[in-house]
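The values are calculated or read from the model by the stated rules, or taken from the named source; none is laboratory data. All values derive from a computational prediction rather than experimental measurement. Quick reminder, even Gly has a Cβ in these numbers, built from the backbone with ideal geometry, and neighbours come from all protein chains shown. Note: accessible area is taken over every heavy atom of the protein model, side chains too, but ligands, DNA and RNA are not part of it. Shrake-Rupley method; radii C 1.70, N 1.55, O 1.52, S 1.80 Å.
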Amino acid sequence: MNTVSYSTLEELKTAISSYNPFSRVAVDNVNSIRKEEPYLKSLNTSIFEKVIDVIRQVKHSSDGKDKVATLVITGDPGAGKTQLVKRIRRHCLDQDLAILIYANLAKCSSSDLLKSQFLEMFVKELALTERDENKNFKPNQWQEIATAIINSAAPSGKSYATVNLVNNFDQFYAKAKTKNQNIIQQLSQGIKKVYPDFDAYTVRAILWTLSQTYGDFAVEWLAGNALDSETAQGMGLPSYTNQNITEKNSAAFSNLLKILSLVSQYKTLVICFDEFDEKVLETGQTNAQLITEFIKDLYDNLEQSNSSKGVSIISLMFTSIWTQQIKGFFGGYHSRTDSLIDRMSTTTKGEPLSLEHINGKSILELVSFWLEEFLYKPRQLKPHDSVYPFTVNQLEEIGKNRPTIRETLDWCYKEYKKIQETIVKDPKEQYQLARQQMNQPDITDYLEDNDFLANTLKFGFEQLINQPLEGITASGEKLKKVIIESVESIDNKWVKFKLNGIENESKRFIIGVAVIQNQGATSVKAGLKELVNYSKFGLTRGCMVRSPDKKIGRNTQAYQLLEQLTQRGGEQAPLRPEEIKPLIEIYSIYQNCQSFGLTEEQVKEFSQGEIADNPLLQEILSDPSGKIDEETVDSDELILLFDQFFEQEEQSDEDINDLLS
């Protein structure tokens, strides 16, 4: 007979005292939509299934008239809108069902800019990158769409792999140019022969997203932003430089319709509008009312072919916004109200779906789920009671009031904190427990967040103020009696802070630090251009922090700026996961110190020795070598041919010409 081995009461109390799992859930934000976090599948199941059913219907319908569907979902604040979107997004990705575009309407601040702001949100969502199961970057959605367009138009029936196109496109483009061939022009002409309804400039811009050099520019152009004349001319695109706000907003809607129609030929789209609010705009309308009319216009004007993969538009809002700001506002115009409301939710004839409240049963599922996922499972513990340290009776009583998810989790956070206070632990032991806890999570997502990484480094350096540092770094560079006197924030997109101090007892330094983890050469160029501007920030030297596996091509302007940085006494400090991970863990404990039963001062005190020994911080402070680390630079040894785009077999030049003819 198998018996379950439960954890001891002392083991459970130790875990409870070390961390409050409910500290992480007070409010979801826009960025959390993309986070890989577990969710409770039993909440709002019927609404989830309805949404998935709608997506499948538009995807598989053979009639273009049924290729666009709308749906409204309402609920009270904290009822779980964001949790539902996360679940829909993850399901669409896992099942290769659709691409979910999350539109945060709080960013739409003006009626004059609404269409252009939404276009930019849409375009840049498709430019965001995901990681595969091995944590390597996958091509973004624009690159996947560009590949799909090429493959669908290729008369030879050959199939290109997106990753190969992205890796080799710039080399092939340069190679073809030496033969007076313009691959973008030839490809777009070939595609127009097959798809004459596609907008030529839109196709050209999408093809440019395959380029690591021009991809960022292509995304900006698709988003309706102006390019400088030289860049636009080189890419064969209009520059948009002379458009005023009215012209830009008008052109944005036209461009949006073109892009949506083209993209939906290859990908099923789910657009989630969220953050409808009551903010009054200059027209006298509220944000919610303006967005409602925009969705109606979008539904009325979005043409879909019978072969399209379809578009689903989901509007998420508070119940009060729906009843007062939308139905209430348009109530005086009955015929228009029917038309507008029906278009807001075509799948339910104008009636919204309402998010569920917590009850006596679901509160037990929610709390046990949260304790298991974020407290017990990471520590390999098994409690006798799944809701321990709470009781079933206690939670069922709370559930009778039908709270929202957020209200339930807020209550759990406060009650859990009271329980923690009854378990007395030595602060140093609490810190060690916190370090063990924070050693578990994967930091992969953090490694792409320039701002978070910069804040982490800044926090680390702040703990070293007035602490003498010397020795030899892992790379062999020296720390010569370095003393940091202050750490000063800088209000700049790239250079986030500077270190003021003295080394070797007399030599003063002011080091500007920029974390640049961006993939595109354009972003790296922009960041380095700021960093080498020593006079702007009053620097004596600059340091770019960047992962060595994010190569910089020798033939790029970014490389020229890196050379300039090195010549001016600066350097690139390699961002290695094993070196930044301890700092991320300590900084995370500091940010959530109360959840771990610690004060900020205690975290600083117990972490100072580990921070002082951190190789990355030492590297930034040490004397630069005066050389560019070859590990960080792309090799230009091979001239790659277009037939390397194919995965399985070599293709002749004649086959390539077939595609371009």
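Taking only protein heavy atoms and a 1.4 Å probe, what accessible area per residue, in Å², does the chain have with all protein chains in place?
Values: 30590 Å² over 661 residues.
Result: 46 Å² per residue.
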- Per DSSP H run of at least 4 residues, take -39500 (n - 2.57); add these up for the chain, divide by its residues and hand me the 222 nm value, nearest 500 deg cm²/dmol. -13500 deg cm²/dmol
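Where does each of 382-395, 578-591 land if you order them by average Cβ count within 10 Å, highest first? All intermediate terms of the calculation are to be shown ahead of the outcome.
Values: 382-395: 15.7, 578-591: 20.0.
The packing order, highest mean first, is 578-591, 382-395.
For region 428-536, rounded, prolate or oblate, judged on the Cα gyration tensor with a ≥ b ≥ c (square roots of eigenvalues), a/c < 1.5 rounded, else prolate if a/b > b/c?
Values: a/c = 1.91, a/b = 1.05, b/c = 1.82.
It is oblate, given that a/c is not under 1.5 and a/b is not larger than b/c.
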- Note on the structure: For the chain, the Kirkwood Rh over every pair of distinct alpha carbons, in Å, works out to 28.1 Å
- Item | Ranked packing of 11-20, 224-233, 209-218, most packed first, by mean Cβ within 10 Å | 209-218, 11-20, 224-233
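Pop out the carbon and sulfur fraction of the accessible area of the chain as a percent, whole number, probe 1.4 Å. List each step's numbers first, then the result.
Numbers: 13730 of 30590 Å².
The nonpolar share, carbon plus sulfur, comes to 45 percent.
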- Query: So who's got an amide H within less than 5 Å of the one on Thr286, skipping anything under 5 residues away but keeping other chains? H placed 1.01 Å off N, in plane.
  - Reply: Leu281
- May I ask which residue of Gln304, Ser42, Ala153 lies farthest towards the positive end of the charge dipole of the chain, with charges of +1 (Lys, Arg) and -1 (Asp, Glu) on Cβ and the Cα centre as origin? Gln304
- Query: Separation between the Asp613 and Ile502 pseudo-spin-labels, each 7 Å from Cα along Cα→Cβ, expressed in nm?
  - Reply: 2.9 nm
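Grab the alpha carbons of region 305-464, take their convex hull, and tell me the volume per residue in Å³. Could you put the intermediate results ahead of the total?
Numbers: hull volume 41.4 nm³, N = 160.
Spread over its residues, the Cα hull of region 305-464 gives 259 Å³ apiece.
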- Task: Output the Kirkwood hydrodynamic radius of region 267-390, Cα pairs only, in Å rounded to one decimal.
- Result: 17.9 Å
- Length added when fully stretched, Ser535-Glu397, from 0.36 nm per residue minus Cα-Cα: 43.3 nm
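Given 0.36 nm per residue, what is the gain on full extension from Gln181 to Ala161 after removing their alpha carbon distance, in nm? If you can, show how the numbers build up before the last one.
Working: separation 20, 0.36 × 20 = 7.20 nm, distance 2.22 nm.
Roughly 5.0 nm would be gained on extension.
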- The farthest towards the positive end of the charge dipole of the chain, of the residues Thr14, Ile628, Thr231, given +1 on Cβ of Lys and Arg and -1 on Cβ of Asp and Glu, is Thr231
- Note the full-extension length gain between Asp549 and Ile423 as 0.36 nm times their separation in residues minus their Cα-Cα distance, in nm to one decimal. 40.8 nm
- Task: Of the listed pairs Lys41/Lys279; Lys67/Lys400; Lys59/Lys349, which have alpha-carbon separations greater than 31 Å here?
- Result: Lys41/Lys279; Lys67/Lys400
- Message: Between Ser339 and Asp63, how high is the FRET efficiency from 1/(1 + (r/R0)^6) when r is the Cβ-Cβ distance and R₀ = 25 Å? Nearest 0.05.
- Response: 0.70
- What lysines sit close enough to Lys425 to cross-link, taking a C-alpha to C-alpha distance under 16 Å and skipping anything fewer than 8 places away on the same chain? Lys13, Lys417
- Note on the structure: Between Asn466 and Thr129, Cβ-based FRET efficiency (R0 41 Å, step 0.05) works out to 0.50
- Message: With +1 assigned to the C-beta of every Lys and Arg and -1 to the C-beta of every Asp and Glu, and no other charges, what is the dipole magnitude of the chain about the Cα centre in debye, to the nearest 20?
- Response: 860 debye
- Fraction in percent of alpha-carbon pairs per bin - 10 Å, region 545-609: 18, 31, 21, 20, 10, 0
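About its Cα centre, how strong a charge dipole does region 310-419 have in debye, to the nearest 20, once Lys and Arg get +1 and Asp and Glu get -1 at the Cβ?
Working: 14 positive and 13 negative charges, 42 e Å.
In debye, rounded to 20, region 310-419 gives about 200.
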- Message: Contact order normalised by length for the chain, with contacts defined as Cα pairs under 8 Å and 6 or more residues apart; what percent is it?
- Response: 19 percent
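Kindly state, to the nearest 0.05, the FRET efficiency for Asp197 paired with Ala226, given R0 = 35 Å and r defined as their beta-carbon distance. Intermediate values should be presented prior to the final figure.
Working: r = 27 Å, r/R0 = 0.76.
Working from the Cβ atoms, E equals 0.85.
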